[in-house]
Amino acid sequence: MGVATGPDGRLRCWWCLDASELLVYHDEVWGRPMHGERELFEMLTLESFQSGLSWLTILRKRDGFRRAFDDWDLERVANYGDRDTDRLLADASIVRHRGKIEAAIANAGATLALHRAGESLDELLWRFAPSDEDRRAPESGDELPSVTPEATAMAKELKVRGFRFVGPTTAHSLMQAAGLVNDHLAGCELRL
């Protein structure tokens, strides 16, 4: 669970070398600072759908999620009704889980409520990014926490704001994916 040589001879975090989709995700998305309402809403939703599943399953369904959720259009998703929920439950291109689907719809509404209050999902999430000044690069996967105090605080605040299906572990995964924390291992060539 350290760095390993990829197919192109570059050193990367071990977890991305089992599938080409993981390699691309590691190299182009994971740990890179992400901003923008649509982008962060997508990542929040995908991370919540990942709960209990492998990330590779979610990556392989990512295009299906985009199509099924109207390319993450917050207004449209927030206004989904029972027919949309039934449509999504029948869509094999996504993970069909009623609780997660209903949470995605509620979370779109919660994001719009932030906007009405003069806030943004981007600002809210980045408020919990820890300072990198005191963090050393993890040497192995054994040093990567699944929950941090910042992630716990983020999950608590999201819940207060009406977000659902985002506990501390999901919040921490979101922080890793969206670059709020840099958990690329020491020696990984993609560590910024």
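A Cβ distance below 7 Å, combined with a sequence gap of six or more or placement on separate chains, defines the contacts here; from segment 64-82, residues that are on the phi > 0 side of the Ramachandran plot reach residues that are part of a helix (DSSP H, G or I) in the pairs D70/R76; D70/V77; W72/R38; W72/F41; W72/E42; W72/R66. Among the residues of segment 141-175, those that are among the aliphatic types (A, V, I, L, M) and over 12 Å from the mean Cα position of the chain (by Cα) comprise L144, V147, A151, A153, M154, A155, L158, V160. Would segment 140-162 turn up any residue that is part of a loop (DSSP other than H, G, I, E, B), farther than 24 Å from I105 by Cα and in contact with a Leu (Cβ under 7 Å, 6 or more places away or on another chain)? The answer is yes, given that some residue of segment 140-162 is part of a loop (DSSP other than H, G, I, E, B), farther than 24 Å from I105 by Cα and in contact with a Leu (Cβ under 7 Å, 6 or more places away or on another chain). For segment 86-99, the condition of being buried (at least 18 other Cβ atoms within 10 Å of the Cβ), modelled with pLDDT of 95 or more and closer than 22 Å to M34 by Cβ holds for at least one residue.
I want to confirm something. Restricting to segment 22-42 and keeping residues that are of a type in the set (A, V, I, L, M) and surrounded by 19 or more Cβ atoms within 10 Å (Cβ to Cβ), which single residue is nearest to the chain's Cα centre (by Cα)? Talk me through it step by step, then tell me what you get.
So the first thing to find is which residues in segment 22-42 are of a type in the set (A, V, I, L, M), and the list is 22-24, 29, 34, 40.
Now drop any that are not surrounded by 19 or more Cβ atoms within 10 Å (Cβ to Cβ), which leaves 22, 34, 40.
On the way: L22: 14, M34: 10, L40: 7 Å.
Applying the filter and picking the extreme gives L40.
Residues in segment 55-85 that are surrounded by 13 or more Cβ atoms within 10 Å (Cβ to Cβ) and over 29 Å from C16 (Cα atoms): D73, L74, R76, V77, A78, N79, Y80, D84, T85. Under the condition of being in a loop (DSSP other than H, G, I, E, B), in contact (Cβ under 8 Å) with a residue 12 or more places away in the chain and of a type outside the set (D, E), which residue from segment 1-21 is surrounded by the fewest Cβ atoms within 10 Å (Cβ to Cβ)? Among those that are in a loop (DSSP other than H, G, I, E, B), in contact (Cβ under 8 Å) with a residue 12 or more places away in the chain and of a type outside the set (D, E), it is P7.
Would you confirm whether or not segment 124-142 contains a residue that is of a type in the set (A, V, I, L, M) and in contact (Cβ under 8 Å) with a residue 60 or more places away in the chain?
Within segment 124-142, one or more residues are of a type in the set (A, V, I, L, M) and in contact (Cβ under 8 Å) with a residue 60 or more places away in the chain.
Output the residue which, of all residues in segment 163-182 that are part of a loop (DSSP other than H, G, I, E, B) and among the small types (G, A, S), is farthest from A78 (Cα to Cα). Working first, answer last.
The initial filter retains those residues of segment 163-182 that are part of a loop (DSSP other than H, G, I, E, B), namely 163-167, 178-182.
Still in the running and among the small types (G, A, S): 167, 178-179.
Working: G167: 21, A178: 22, G179: 26 Å.
Applying the filter and picking the extreme gives G179.
Of all residues in segment 159-192, those satisfying the criterion of being of a type in the set (A, V, I, L, M), buried (at least 18 other Cβ atoms within 10 Å of the Cβ) and out of contact with any Gly (no Cβ under 9 Å at 6 or more places or on another chain) are V166, A171, L174, M175, L180. Say we look at segment 22-63 and pick out the residues that are among the basic types (K, R) and without any contact (Cβ under 8 Å) to a residue 60 or more places away in the chain; which of these is farthest from A90 (Cα to Cα)? Among residues in segment 22-63 that are among the basic types (K, R) and without any contact (Cβ under 8 Å) to a residue 60 or more places away in the chain, the one farthest from A90 (Cα to Cα) is R38.
The values are calculated or read from the model by the stated rules, or taken from the named source; none is laboratory data. Please read all numbers here as calculations on a predicted model, not as lab measurements. Don't worry about glycine lacking a Cβ; one is built from the backbone with ideal geometry, like all the others, and counts go over all protein chains shown.
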